[in-house]
Each structure stands twice: as structure tokens, then as C-alpha cells.
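The values are calculated or read from the model by the stated rules, or taken from the named source; none is laboratory data. Note that the structure is a prediction, hence the values are computed from the model and not measured. No Cβ is skipped: glycine too gets one built from the backbone with ideal geometry, and neighbour counts run over all protein chains shown. Heads up: the accessible areas ignore ligands, DNA and RNA and are worked out on the full protein's heavy atoms, side chains in. Shrake-Rupley method; radii C 1.70, N 1.55, O 1.52, S 1.80 Å.
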Amino acid sequence: MPPSPAAPASISAFGPARSTVTGSPLSADEARKIDAYWRACNYLALGMTYLKANPLLKEPLTAEHVKDRLLGHWGASPGLAFSYVHLNRAIKAHDLDVVFMAGPGHGAPGVLGPCYLEGSYSEVYPDCSEDEEGLLRFFKQFSFPGGIGSHCTPETPGSIHEGGELGYVLSHACGAAFDNPDLIVAAVAGDGESETGPLATSWHVNKFLNPIRDGAVLPILHLNGYKINNPTIWARVPHDEIEAFFRGTGWTPYFVEGSDPATMHQAMAATVDKCVADIRAAQQQARTSGEAFRPRWPMIVLRTPKGWTSPSDSGGHKLEGSWRSHQVPMANVKKDKSRLKELEDWMRGYKPEELFDAAGKLVPELKALAPEGTRRIGSNPHANGGLLKKALRMPDFRTYGVKVEKPGTTEAENCKPLGVFLRDVMKQNMQNFRVFGPDENTSNKLQAVYEVSKKLWLDETFPEDADGTELATDGRVIEMLSEHTLEGMLEGYVLTGRHGFFSTYEAFAHVIGSMFNQHAKWLTICNHLSWRAKVPSVNLLITSTVWRQDHNGFTHQDPGFLDLVVNKNAGVTRIYLPPDVNSLLSVADHCLRSENYFNVIVSDKQNHLQYLSMDDAIVHCTKGLGIWAKASTDQGGEPDVVMACAGDIPTKEALAATDMLRKEFPDLKLRFVNVVDLFKLQPDTEHPHGLSDRDFDSLFTTDKPVVFAFHGYPWLIHRLAYRRKNHPNLHVRGYKEKGNINTPLELAIQNQIDRFTLAMDVIDRVPRLRVAGAHAKEKFRNEQIACVNYSHEHGVDKPDAASWKWPY
Ligand SMILES: Cc1ncc(C[n+]2csc(CCOP(=O)(O)OP(=O)(O)O)c2C)c(N)n1
Ligand SMILES: [Mg+2]
């Protein structure tokens, strides 16, 4: 390979500042103080990483002062602190309300440092007081067992974005900015993070920020050149490609590039001022004219060396401006005296004696640089959104139901009345409620919501859009074909204390599986932090379900999201499978009122039989599961078999199976159990919704066969119920990856969740029917074959089977 030419100067991270916005807004004194404050941040970042004693380096550094296990990430920290410090200046200069998000949250030392210096940290954690003793505790607890994590975890005051899993900073920022017209959400995106799919697509958040009613997102692309062991793509492409990309995605990029602190402070101050002025100008134009448009919002491309201000090399390797600065540089300081000396010199280079007084407190002239009260980034109430939360004004869900005079005889589209309910929730909460969907709200039958608020659209429109496309510049429904961005927006919205509802096709809920994981983890930690006020739940409707993929077939059949949900902490996860309209409404009402949960509701959107009157639905959903007496024949005695089900189609097939069995075996004692709240199946020791063993045993018996028709993959029911006494007799039917373009009944048959299979399962498992039931089994099998043949010939289900209704 030919030697690579030296990198062009235009993409170097070193040297005096080069910036789009020129000017030197800082007086010499201001520049000196800002630099000192930043040095204090960098000193703290190193202190957190290395020290367990001698926090102010009052004595020469010895190996005993150094932590035994060195953990954390230094490389991202100086750039994060640099951004924080300059935002502090802008907050004070322009009286701004700013939330800060660190995309590369592993650079937490760069966020925790300024949070401590401004006093926010000590207010929440008085142990980490602003003196030498508190400083030492603050250092020691970082990345330490029993202490705090190494990212911008929920324990971090001012954080609503942990940044552990990279990719979501812009979508979180956008959600936080919605309906907060005065807020600026500064979002640092790592240049490595910017290679992720979710971050890449989320540059489009600027298409969804209405300058009249929303706040602004100020992205800061932190081009520090490296990831863990590699250069980043963005740091090695020509300058004009970066500029073209961001202009192409609708931003106005302002570059701030270099490593010389003095000129970088001037450039950053001038650039942040310019961004604030651009933001305010766009907002003012829109707010005074009353016309919402899409501004070419400003953003900052901050190119600095990774591990900025570290020694330029260590142990013969480049350190500042290299991937080697990503985690803990000089990791062998405890054993290698020369490394220890290097570290000491490095730390002393920040001149801690000038920054902290003898008691260990930041000196007053620097202390004065931080904003005050709730203007401090670490004390911004938006970042503890539960404090600002207002409960939704809720319409009475009972009035949106369908009439069910005779259970199992009339049909309705399950999601449609939910759309009407959401419409009225929206109507009564036009400041703090939003609906999200990846281009699917109409497909998911929730379109009634557009009667009150349309889809936000700030870009061009064509005349034909007037014909049912439902676009508006003030829409409160957010539709973008990026489940990642929508989920991130919704999380940002609820974390800042507002409410939302997200619906998605079941198979593609997996796209946000990892985001679900992260949000559930966030909530789990929050539940242990008394100072974090509870936030509204994330409400996810999974629809267009596996059993009714009439248009789409196999690719759209995947009920596995639920398997993921049950992995997470029981304190924050809820799964509901309402069988019909009225139960869906009851569940939705409950979820919208709840806090600190990730609620998952599974309900198909197509026409389905209706079973429960509103009163019955409320009782059933309150219990979470229960015996349906009219579908049972075991009153006053022990059942021969329990037929259980969860989900709309499984409920219908299970009911139809019991009908067939009742006709063939009039003396069969059947118990019919429907499950709405899936976690009822777990023991109460494992989940707060779990049934006690006594209740479970009385419902499901301890020794009778249970045939369970389940919406999802069958083993999930076994996972939940494996500890129950009757588990050996539990026989679960569910989806087993057999699908194509099928008719509904044919698909059920392929996966053996259909009425015929369920009825045959009962015959096989009830001892006295095993032989006696052979004729009935033969009949059911013949009918099953006839149904498959009919569908293959006519393309629809056999009419008598398709139109089955509950006959009793
Ligand atoms: C989605 C995801 N993939 C991989 C990782 C592992 N990881 C942690 S830090 C990092 C590099 C990040 O680079 P960058 O975004 O440039 O951050 P910085 O340089 O500021 O440290 C990687 C790959 C992760 N945290 N999240
Ligand atoms: Mg980087």
C-alpha cells in the first residue's frame, strides 16, 4: 500500500481554532476564568478516574492514593466539559433554559465534574459536599462498587440520557424540546455514535420541531476523531462532505476546530452565541408571524483531539488525539513509578491550587461562572421531568366502548374505538400529550385522532395532500418511518414529564428492542432514587399482529417482542393482551394514568368478536385474568380440563374449541380462563402483578390438564409459569414460525393454535377421552383438513368456520 499522505490541515484536530463564526466575544479576564473552570472540570474528571485519596494533590502523589481498579472513560470527557462550560456561559449571558445531553455518556466524568462544581451534585448528594472531604467521596464513588456508574446514569443530576447505548441522543433531545417553547436542548453526539443507524436517521428531528410551540435542539457533533480503537468515519472525510451532509439534512453547521484552548474558547463562545441568536431569530419570526416553518436550525461541529489536554504521548504511544485516550490512559500507574509521575504532572498541570481553596471548594471567582438555581444544567427541572408532570385530563373511557349484548356474537375493529378515545385524550391535553407512529396510525385504525390534531409536517406540501393525508404545521401526531427516532422522541417526552402513545406493527417492534431495554433499565434505577419524581409511562401498542397478516405474510409475523419484555425488571414492565374493544379501552385508560412503567399492549386492529360488556371488561381487566363462567361447564366441581387463552385470536379459537367439545362431550367439565395481564402467570414473588400460588392453583388446578392458546411464542408461558405446581400439565400452543400469505384460520391451523387442534389437545389430555374421543378427533381432523383445502381453493376461510359465533 502506498504511504498515506498526511491528513489535510482542514481535518486536523490540532492547532489554533478554526471556526465558521469568527470574533472574540470574551474579555481576557472572562477567557482566563472560563479556561480555569474547564481546567477544574478536567482535573475532576481525572480525580474521579484515578484517586481514592489526596484529592487536591496537597501531598506528592503515591500509589496508595490511586484506586486499585481504574475504570471509566477519559477521552470524551474534556470535550463534553468544554461544551458544558460554554453552555453555562450562554445560559448566564442570555438567561437560557438549557438541558444538556451527552450522547457519549461514557464521558460522564466530563459531565459530573461541572455538575459538582456548580453545586447541583452536592445538593442532591450532601455527602459529596463542596469541600475536601466531599470531593474525595465524589472521586471515590465514581465507577466504584456501591457507588455510581461510569455513564450519565439516572444518578446524575441533570441527566435524562445515560448514553450507555449510543445512538439516541438527538431523538431524546427532540422529545424533550417538544412543547417546551423556551427550552434549548444541547445534545452532544459522538462522532462514533454518529455512525449508528438510530443517530444517522435522527438528524431528521429538525423536521419535527415547530418553532412556535417547541423548543430547540442544538446538536454538537463531537468530532474527536476516534471511537474505542478506530478512527471515526466523520473525522476522516473531506471537510466539504461534512458540511454538505449537514446542510443536506437541513442544519446550518458551524465548525469549531482546533486544540489551542485560548482561541478555542473564543471560537466556541462566539459560535454558541451565534447559535442562540439563530434559534431565537427563527423562533421570533415564527412566533410573531404565527406561521410555523422549518428553520435551518444551527448546529455545532466541534472538532477537538480525543483526550484533549492529556500528555501528547505516553509509554511511546500517542495519547492526546488518539483512540488510546478513550478509557483510562496510563492504566499501570500503581505499579509503574514513571507513569505515576506522568499522571501527577498531568493533574498538576491543571493547577488545582489555583482552582480550589484550602478547604477544597471552587474559588469564588470561578464559582460565579455557573448559572444559579434551576438555571444550572444539573438542577434543570426538565431533567427531573416528574417534577413538572401534570396528570392527563382523561375522558371517561367507558363511553367509547361497543355494546355487547350477547358475548361472542358481534364483531368490531378493536383499535378503532381506541383511536376515538385517543382523539379525546388529545383534545383535552393539547399541551402535554402526543401520539407517535411509523406511518401507521391510519393503518392501525387510530385515524380518529386526526380529527383533533394532524400529523406534524413543516416541509413542502402538494395540493393532493389535502385529500386525506392529514398534514398540518401544528399537528401533534408524529409520524416518521423510523421506529428508533419515534421511540427516542417519546422517551424524551415522558422523561420531561409529558405523556404519549406509540403504536407499531408487532413484527417491527423488534426494531426498538434495544431501546426498550435501555429505557427499562433507566426506570429500574430511577425507582431507587428518591429525588427522581416519577414520570409518565411509555405506552406501546403492538398491533397488526402475527395472526392477521393478511396483506403481508411471513415477514410480518413475529410476536417475539414480549419475550424481550419479560427479561426486564418486574417493577417497570407490564404486558396486556386485551381480547376485545372494551377490555382494550380499559387497559389503555389504566396505562395512560400509570407512571414509571413500560406498558406493552397487544391488540389486533381487524374485525374481531366482542366478548365483554364494558362493566365486565372493567372487572376482568382489574383482575387481570379470570374464569369466563358462560364458557365454562365445571361450576360446582372440579374441571376435567382448563382451557386458557391470552390474545384476541387465541380467545376466539379457544372458545370455538370449547363449543366443539361441548357438543361432542356434553358432560365434559371445562373451565375457561382468559388472561389479559400476562404477568399474572408469574408467582407474586417474581412480579408485583403475579398470582399467589393459592390463586393460581385454584384457577388452573394442581393436577388437571391445561391447554393454553397464547398469542405469542409458546415457551413464554412456560417461562412465566414454570414454578407452578401444575406446570407439568400445562400444554401451550402459540406461534411457531409457520406462515405465509394465509387466511386467518389457515394460519392458526399451521401453527396449531386453531380450534380443531385445541379441541384435539383436550381429547389427548383428558384421560377418559383419550380413547373414547377417537371419533370426535377424527371429525375435528377432517374439518381441519376441509378448512385448509377450502382456503387453498378459494383464498378465504370456509364461511361456516369464519363466521363462527358463540352459540350459548
Ligand atoms: C450502540 C453501541 N454500540 C457500541 C457501543 C460500545 N462503545 C462504547 S464507546 C464506543 C465508541 C464511541 O465513540 P464516540 O461516539 O466517538 O465517542 P467518544 O469518542 O466521544 O468517546 C463504542 C463503540 C455502545 N456503547 N453502543
Ligand atoms: Mg469520538
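Here is how the numbers come out for the structure above:
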item: 28 Å Cα-Cα reach of Lys337 towards lysines, excluding residues that sit fewer than 8 places from it in its own chain; result: Lys52, Lys58, Lys67, Lys140, Lys306, Lys318, Lys351
item: Residue among Asn180, Ala654, Met299 farthest towards the positive dipole end of the chain, charges placed on Cβ; result: Ala654
item: Region 583-733, accessible surface, carbon-and-sulfur percent (1.4 angstrom probe); result: 49
item: Apportionment of accessible area to carbon and sulfur, region 371-506, percent (1.4 Å); result: 50
item: Low-density loop cleavage sites - chymotrypsin sites (Phe, Trp or Tyr not before Pro) in region 239-324, where at most 15 other Cβ are within 10 Å (DSSP); result: Phe293
item: Mean residue ellipticity (222 nm) of the chain, computed from DSSP H runs ≥ 4 via -39,500 (n - 2.57), nearest 500; result: -10500 deg cm²/dmol
item: C-alpha long axis of helix 239-248 to longest principal axis of the chain, angle in °; result: 40
item: Rounded FRET efficiency, nearest 0.05, which uses the C-beta distance separating Lys427 from Ala28 and R0 of 45 Å; result: 0.20
item: Acute angle (nearest 10 degrees) that the helix 28-50 long axis makes with the longest principal axis of the chain, alpha-carbon atoms; result: 60
item: Relative contact order computed over region 113-170 (Cα-Cα under 8 Å; 6+ residues apart), in percent; result: 21
item: Share, in percent, of DSSP beta bridges within the chain that are antiparallel, nearest 5; result: 20
item: Per-residue ³J(HN,Hα) for region 611-621, Karplus 6.51 cos²θ - 1.76 cosθ + 1.60, θ = phi - 60°, Hz, x for Gly and Pro; result: 10, 10, 5, 4, 4, 5, 4, 5, 5, 4, 6
item: Contour excess over end-to-end distance, with Cα ends at Glu464 and Leu529 and 0.36 nm allotted per residue; result: 18.2 nm
item: Calculated SAXS-style log₁₀ I(q)/I(0) at q = 0.05 Å⁻¹ - the chain, Debye, Cα scatterers; result: -0.32
item: Separation in nanometres of the label points that stand 7 Å from Cα toward Cβ, at Lys58 and Val619; result: 7.2
item: Percent RCO, i.e. relative contact order, over region 290-349, from Cα pairs under 8 Å lying at least 6 residues apart; result: 21
item: Cα-projected label distance for Lys736 with Arg137, points at 7 Å along beta-carbon direction, nm; result: 5.9
item: The chain: relative contact order as a whole-number percent, Cα under 8 Å and 6+ apart; result: 11
item: Förster radius 45 Å - calculated FRET efficiency between Glu123 and Thr702, Cβ distance, rounded to 0.05; result: 0.25
item: Options Ser338, Phe462, Leu446, ranked by Cα towards positive dipole end of the chain, top entry (Cβ charges); result: Ser338
item: Lys, Arg +1 and Asp, Glu -1 on Cβ, resulting dipole of region 249-394 about Cα centre, debye, nearest 20; result: 780
item: Listed residues Ala282, Gly500, Phe561: farthest to the positive end of the dipole of the chain (Cβ charges); result: Phe561
item: Dipole magnitude of region 550-658, debye to nearest 20 (Cβ charges: Lys/Arg +1, Asp/Glu -1, about Cα centre); result: 300
item: Region 241-311 versus region 1-60: alpha-carbon centroid distance in Å; result: 19
item: Nitroxide proxy distance, nm - points 7 Å out along Cα→Cβ at Asn332 and Glu291; result: 6.8
item: Charge dipole magnitude, Cβ of K and R +1, D and E -1 - region 683-808, Cα centre, debye nearest 20; result: 340
item: Chain lengthening between Ala772 and Ser514 when straightened (0.36 nm per residue, less Cα-Cα); result: 87.8 nm
item: Å² per residue, accessible surface of the chain at 1.4 Å; result: 36
item: Thr252-Lys390 FRET efficiency (beta carbon distance; Förster radius 25 Å; 0.05 resolution); result: 0.15
item: Centre separation in Å (Cα based) which lies between region 711-780 and region 175-238; result: 49
item: Accessible surface of region 164-293, 1.4 Å probe, proportion on carbon and sulfur as whole %; result: 56
